[in-house]
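Notes follow the structure.
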2 protein chains.
Amino acid sequence: MTELRVVAPDGIGEVRTGDDLAALLVDRLAEGLTDGPADGLADGLADGLADGDVVLVTSKVVSKAEGRVVRGTRDELLPAETARLVASRGPTRIVRTRQGLTLAAAGIDASNVEPGRVVLLPVDPDASARAIRSRLRELTGRNVAVVVTDTAGRAWREGQTDLAVGAAGLRVLEDFAGRRDDYGNDLVVTAPAVADELAGAAELAQGKLGGRPFAVIRGRADLVLPPEDDGPGAVALVRPDGADLFGYGAREAVLRALLGDPDDAAAFGAPSEVTELVEVVARVGGTARVDDDAVVVSGDVSPDSLQALAFAHGWLVDVPDAGEGVRLRPRRTSP
Amino acid sequence: MTELRVVAPDGIGEVRTGDDLAALLVDRLAEGLTDGPADGLADGLADGLADGDVVLVTSKVVSKAEGRVVRGTRDELLPAETARLVASRGPTRIVRTRQGLTLAAAGIDASNVEPGRVVLLPVDPDASARAIRSRLRELTGRNVAVVVTDTAGRAWREGQTDLAVGAAGLRVLEDFAGRRDDYGNDLVVTAPAVADELAGAAELAQGKLGGRPFAVIRGRADLVLPPEDDGPGAVALVRPDGADLFGYGAREAVLRALLGDPDDAAAFGAPSEVTELVEVVARVGGTARVDDDAVVVSGDVSPDSLQALAFAHGWLVDVPDAGEGVRLRPRRTSP
């Protein structure tokens, strides 16, 4: 029988710049001793933190404590947080951030913050995790791991899960290379991203409505490293740029291929697909004009390029009658 | 204080075709009452299953119970399990399965099974979950949710996490549309994929070495639907084909764009990128030959097409001297 316990204390007040997150958690756990558990399930963490616990904290309160709340909107702040554009459709921008994460809107968060302000990701979430781990050890004498979590959508899946954007003192990947199952089969390719699974488990107890930014997971002390070893950090979970099969959306891949300049992809994100299409046609040597429900292309654009552009935008190509320009038309459903 | 408990009983023996998984779990939990918990953490599930528990079971043992273990290798069985190829590099094939899942090798699993055999995904994992849920209710009188889990890699991230491939009686997405945070900000786009987070939490207790195919998660009874309602199933977590920004790898996007036929993408997966490149050049109207470390292209291929092909393969284009063919060369590092 293997058992994990996931505890998310509530009643954590608003976090402000300069707050000591480790102290907030430790104080709240101490109060919990007298409150007793709200749901009658168990006795919670009756002695506070223990060696081998994993402490999880949302990046939002880490950012707030580190003064990363700024006035402005996502759209205004996106360029400064973006290393490069990965994919773009309508108002959605999926970008690779300066931290190496691939996140919608660069992880800029407009929820659980005063209207008119947004929360940026911590500058170095692994460093944030290390600092909290060190402080928890100072306050409690316990050796725990710390994970800084954020929320991300996934390719091919609906909804979001929480994942680890920072980590300290944790084996973030459980590596089975060289291990065998009971039948003697090698388990070479299996490497559970346990830091991300811990983050998801924490979210189930924390929820999204605020007030429970911390979680403590007990039962996987085998993943926690000795106090002097902060481990590889969550950066070890980031696939290197260029090593990923999905480093670009389909549209961005084709546009890059046609335009030839790796930096050009960042230029795309125009509010209108029509505007973008007209611009791209011009850059590959043709002219385009908007006519009712179609973009009409003329000039020296190869059939391959037209087909590529149509695919990139999920549009249809109308074969023209003699003397007319080729018509590119949006499909009824978005790509 | 919100608390979850995740319990994975061990000592589940080998599962064979026709086994009653619900009975296996119920019997094992009953034995656990006399064994006591192995790790001294807590009293486990002292009264067996309770209303509102979520029961998770790996797709592997569901497949075994349903007779989906077959003789052969992944490569041999991949075509029959594949709806279409999403991306391919070297020996890796990421495909959309007939169940609508996007998984490496179509989820065909060669671990924890006799050598020479592989385990295919259940034909209809939501139906499998419904059957197990119904049987658990019959055996225990309890109203639980059931999740069938599998392991998947993620775009942009190292390692794998477990996710829900089947579900019954569960709100798989926790929808906050219309809800507001404490500041009055709308939470319109937040929809935690709780079924996937539950699957990841279960994996942390189950591990990968076999013997713990079940987990029970207690503490989120709010996600469990009434007995007569099996809910939308895990199929609701699958983004519809064509609605995804990452429905193709960068290479596959460009090849599809150049070749124009949506079904052509499935043709790619040749053992050698050189072979593939030569074939594609021929199909867009040129001729190609292999010369040392390059593919030399001549004939009527537009510069745009050459650039697109080079990008798709992560290769470089050498601008030719007069009279020579264009040379496409692989980069030192893989794309």
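Numbers at a glance
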item	result
Residue list for region B:180-215, restricted to those being part of a strand (DSSP E or B) and more than 13 Å from A:Ala201 (Cα to Cα)	B:Arg180, B:Asp186, B:Phe214, B:Ala215
Test: residue in region A:197-213 that is touching a helix residue (DSSP H, G or I) at 6+ places or on another chain (Cβ under 6 Å), among the hydrophobic types (A, V, I, L, M, F, W, C) and under 28 Å from B:Leu170 (Cα atoms)	yes
In region B:284-293, residue surrounded by the fewest Cβ atoms within 10 Å (Cβ to Cβ) [restricted to those that are at pLDDT 85 or above and not hydrophobic (A, V, I, L, M, F, W, C)]	B:Asp291
Pairs where the first residue, in region A:297-308, is within 19 Å of A:Arg251 (Cβ to Cβ) and more than 8 Å from chain B (Cβ to nearest Cβ) and the second is modelled with pLDDT under 85 and surrounded by fewer than 20 Cβ atoms within 10 Å (Cβ to Cβ), C-beta under 6 Å, 6+ apart	A:Val297/A:Gly325
Region B:129-153, residues that are crowded, with 24+ Cβ neighbours inside 10 Å and assigned to a loop (DSSP other than H, G, I, E, B)	B:Val144
Residues satisfying the stated conditions in region B:199-230, i.e. more than 7 Å from chain A (Cβ to nearest Cβ) and of a type in the set (A, V, I, L, M, F, W, C)	B:Ala199, B:Ala202, B:Phe214, B:Ala215, B:Val216, B:Ile217, B:Ala221, B:Leu223, B:Val224, B:Leu225
Test: residue in region B:174-197 that is at the interface with chain A (Cβ under 7 Å from one of its Cβ atoms) and touching a residue at least 60 places away in the same chain (Cβ under 8 Å)	no
Whichever residue in region B:233-261 is touching a strand residue (DSSP E or B) at 6+ places or on another chain (Cβ under 8 Å) and in a loop (DSSP other than H, G, I, E, B) and, among such residues, is farthest from the other protein chains (Cβ to nearest Cβ)	B:Gly233
Candidate set: region B:108-148, residues that are among the hydroxyl-bearing types (Ser, Thr, Tyr) and farther than 19 Å from B:Glu14 by Cβ; chosen: the one farthest from the chain's Cα centre (by Cα)	B:Thr140
Residue in region A:37-54 that is modelled with pLDDT of 95 or more, under 22 Å from B:Arg157 (Cα atoms) and either within 11 Å of chain B (Cβ to nearest Cβ) or buried (at least 19 other Cβ atoms within 10 Å of the Cβ) (or both) present	yes
Candidates A:Ala87, A:Ala155, A:Ala106, A:Ala145, filtered to the one that is more than 8 Å from every other protein chain (Cβ to nearest Cβ), more than 17 Å from A:Val61 (Cβ to Cβ) and at pLDDT below 95	A:Ala106
Residue ID - modelled with the lowest pLDDT, chosen from residues in region B:114-128 that are of a type in the set (A, V, I, L, M, F, W, C) and surrounded by fewer than 20 Cβ atoms within 10 Å (Cβ to Cβ)	B:Val123
Region B:112-148, residues that are free of Cβ contacts under 8 Å to residues at least 60 places away in the same chain and of a type in the set (Ser, Thr, Tyr)	B:Ser134
In region B:67-87, the residues that are in contact with a strand residue (DSSP E or B) (Cβ under 8 Å, 6 or more places away or on another chain), of a type in the set (Gly, Ala, Ser) and surrounded by fewer than 21 Cβ atoms within 10 Å (Cβ to Cβ)	B:Gly72, B:Ala83
Search result, residues across region A:221-242 that are more than 14 Å from A:Gly169 (Cβ to Cβ), surrounded by 15 or more Cβ atoms within 10 Å (Cβ to Cβ) and in contact (Cβ under 8 Å) with a residue 12 or more places away in the chain	A:Val235, A:Leu237, A:Val238
Test result for A:Ser298, polar (S, T, N, Q) and either within 17 Å of B:Ser305 (Cβ to Cβ) or under 33 Å from the mean Cα position of the chain (by Cα) (or both)	no
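Yes/no matrix, rows are residues, columns are (1) farther than 24 Å from B:Thr140 by Cβ; (2) in contact with a Ser or Thr (Cβ under 8 Å, 6 or more places away or on another chain); (3) acidic (Asp, Glu); (4) in a helix (DSSP H, G or I):
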| site | (1), (2), (3), (4) |
| --- | --- |
| B:Leu49 | no, yes, no, no |
| B:Val55 | no, no, no, no |
| B:Pro79 | yes, no, no, yes |
| B:Ser88 | yes, no, no, no |
| B:Gly100 | yes, no, no, no |
| B:Glu114 | yes, no, yes, no |
| B:Ala127 | no, no, no, yes |
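The values are calculated or read from the model by the stated rules, or taken from the named source; none is laboratory data. Just so it is clear, the structure is predicted and the values come from calculations on it, not from any experiment. Cβ sites come from the backbone with ideal geometry, for glycine too, and all protein chains shown count toward neighbours.
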